[in-house]
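Undergrad: I am attaching a structure below and will ask some questions about it afterwards.
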Amino acid sequence: MNQFKILFFIVVLTGLLVWIGDLLYPGGQGLLMALAIAVVMNFVSYFYSDKIVLASYGARTLEQQEAPDLYLLLSRIVQRANLPLPRLALIEDDTPNAFATGRDPEHAVVAVTTGMIRLLSDAELEGVLAHELGHVAHRDILLSSITSVLVQAIMFLSRMAMWVAPRDEEGRSNPIAGLLIAIFAPLSAMVLQLALSRSREYLADEYSAQVTGRPLELANALERISGINEIQPMRDAQPATAHLMIVNPLRGGGLMSLFSTHPPIQARIERLRAMASGM
């Protein structure tokens, strides 16, 4: 099922890229240009999406001797979950957050911020790491990473349309097409991110609760870190990669919460507390 989902999202995002290229330069030239970009981006996404996402947040890979306590927590979880030990990466940011990336469990990376390490207890941090390993176990990290890279490409082309006026088939400027691209392309990419992300977070929360046996610790962690992200969003947070994070790294309440890549934090906390009651 996940393989079908990966293929579906790649096809839709690639089609969106090609549509933008055709609007920018009708007559085949733009279509071929966008198709070439899409092929390259899909190749790069598959093999290098983890490096691209980590670089966008200035994350540094940690060796085991640099963070023995963190690796010990992680090794306990992977033993229970029967998963390969992923690499750990550190993001120098006071705002607590975390994400997983990579194309499969054998090439997974779990990134955490310095703020996360300082703020949470070991039990809460274990719950967060188990949540990220849930994304690894469900094999949706490849889909998330590919989506991040392709959405960034779509955002780039949509911004380009604002500066380079699209042309019709006779070579005349077409500002209406430019406006369509600038509005519709990012909106479409955002809707696709919403469809991808919300259910994944619930599943990863459940995975963490089952693996650790302590859903309340993850609930407490989510409550603490979500409040800080509202007040102090991550410094390098970007809309194209926001869906990767354990909580939304972008500020936005009220109406904007309807377009959040994450389900409501209170709903997640209540589900985890219900699980704890059931246990």
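The values are calculated or read from the model by the stated rules, or taken from the named source; none is laboratory data. Please read these numbers as outputs of a predicted model, since none were measured by experiment. Positions of Cβ are generated from backbone atoms using ideal geometry, with glycine treated the same way; all protein chains shown enter the neighbour counts.
Undergrad: Please give the helices (runs of 4 or more DSSP H) falling wholly within the stretch 32-140 in which 3 or more residues are within 15 Å of the chain's Cα centre (by Cα) and not charged (D, E, K, R). Spell out how you get there, then give the answer.
TA: Numbers: elements: 68-81, 114-119, 122-137.
In the stretch 32-140, 122-137 are the helices (runs of 4 or more DSSP H) which contain 3 or more residues that are within 15 Å of the chain's Cα centre (by Cα) and not charged (D, E, K, R).
Undergrad: Taking the condition under 20 Å from Ala204 (Cβ atoms), among the charged types (D, E, K, R), out of contact with any strand residue (DSSP E or B) (no Cβ under 6 Å at 6 or more places or on another chain) and surrounded by 21 or more Cβ atoms within 10 Å (Cβ to Cβ), does Asp104 pass?
TA: Values: under 20 Å from Ala204 (Cβ atoms): yes; among the charged types (D, E, K, R): yes; out of contact with any strand residue (DSSP E or B) (no Cβ under 6 Å at 6 or more places or on another chain): yes; surrounded by 21 or more Cβ atoms within 10 Å (Cβ to Cβ): no.
No, not satisfied.
Undergrad: A further question on this structure: Collect the residues in the stretch 43-89 that are of a type in the set (Asp, Glu) and surrounded by 14 or more Cβ atoms within 10 Å (Cβ to Cβ), keeping them in residue-number order. Full working, then the answer.
TA: Keep residues of the stretch 43-89 that are of a type in the set (Asp, Glu), which gives 50, 63, 66, 69.
If the condition is that a residue be of a type in the set (Asp, Glu) and surrounded by 14 or more Cβ atoms within 10 Å (Cβ to Cβ), then Asp50 is the only one that fits.
Undergrad: Further, regarding this structure: Which of the residues belonging to the stretch 48-82 are in contact (Cβ under 8 Å) with a residue 24 or more places away in the chain and acidic (Asp, Glu)? Walk me through it before giving the result.
TA: Going through the stretch 48-82, the residues in contact (Cβ under 8 Å) with a residue 24 or more places away in the chain turn out to be 49-50, 52-54, 56-62, 69-70, 73-74, 76-78, 80-81.
Correct list: Asp50, Asp69.
Undergrad: Conditions: (1) surrounded by 16 or more Cβ atoms within 10 Å (Cβ to Cβ); (2) modelled with pLDDT of 95 or more. Glu92 meets all but one. Number of the miss?
TA: Tallying (1) surrounded by 16 or more Cβ atoms within 10 Å (Cβ to Cβ); (2) modelled with pLDDT of 95 or more, Glu92 fails exactly one: (1).
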